[in-house]
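Please treat every number below as a calculation from the coordinates, not as lab data. Here the structure is a predicted model, which means the values were calculated and not measured. Neighbour counts are summed over all protein chains in view; Cβ atoms, including those assigned to glycine, are modelled from backbone coordinates with ideal geometry.
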Amino acid sequence: MKRIMVIGCCGAGKSTLSKKIQDITGLPLYHLDQIYWLPNWTEPAKEDWLEKAAEVVKKEKWIIDGNYGSSIDQRLAYADTIIFLDRSRWICLWRVTKRILSNYKQKRFDMAEGCYERFDWKFMVYVFHFNDMKKPKILERLKRVGDKKTIHVCKSDKDVDRLLKRLKRQIIPLS
């Protein structure tokens, strides 16, 4: 397990889980939100974004959290392990709302410089419709690579806890 891809709806717990996996494995962690966004929530040119994403996925070891459909196939090609946080829209909406309220006008640890937490109605609509619009495409992609990759689908906090316990048992400390 050298290249771990963590995907799922906003608010599903990708960044939190990725940080816990990093603490267990020591693998370098890359948050796609930090790589993608320019200050003040400015989107990069698509070519620049794909070039940055390619630089990261070609590294020998990583944990990458985030969706970004334009680069998902690139990450799937290199990942050996994929974790899909398949959470309900209501859990995700609740967590996103809680996150906005507790971090409003502040920069979160997993965000790019100059991108401060804000309320964005379009973003909330995206979260609401994620399972209808994005999840089927993700599941189809996972099905296509399923026999070549290790895939974990976590639908609950208990599933995440079981995954982390299993990971702790597999990783042998070097010291």
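Take the Cα of ASP80, step 7 Å toward its Cβ, do the same at THR16, and the gap between the two points is 2.9 nm.
Among TRP37, TRP90, the order by Cβ neighbours within 10 angstrom, fewest to most, reads TRP90, TRP37. Across region 36-53, coupling constants 3J(HN,Hα) worked out from phi with the 6.51/-1.76/1.60 Karplus curve, θ = phi - 60°, read 6, 6, 9, x, 6, 6, 8, 7, x, 5, 4, 5, 5, 4, 5, 5, 4, 4 Hz, and Gly and Pro carry x.
The mean of 1/r over all pairs of different alpha-carbon atoms in region 90-159, once inverted, gives a Kirkwood hydrodynamic radius of 14.5 Å.
Each label was represented as a point 7 Å from its Cα along the Cα-to-Cβ direction; for TYR126 and LYS46 these points are 1.6 nm apart. When the alpha carbon gyration tensor of region 33-175 is reduced to an equivalent ellipsoid, the three semi-axes, largest first, read 25, 20, 18 Å.
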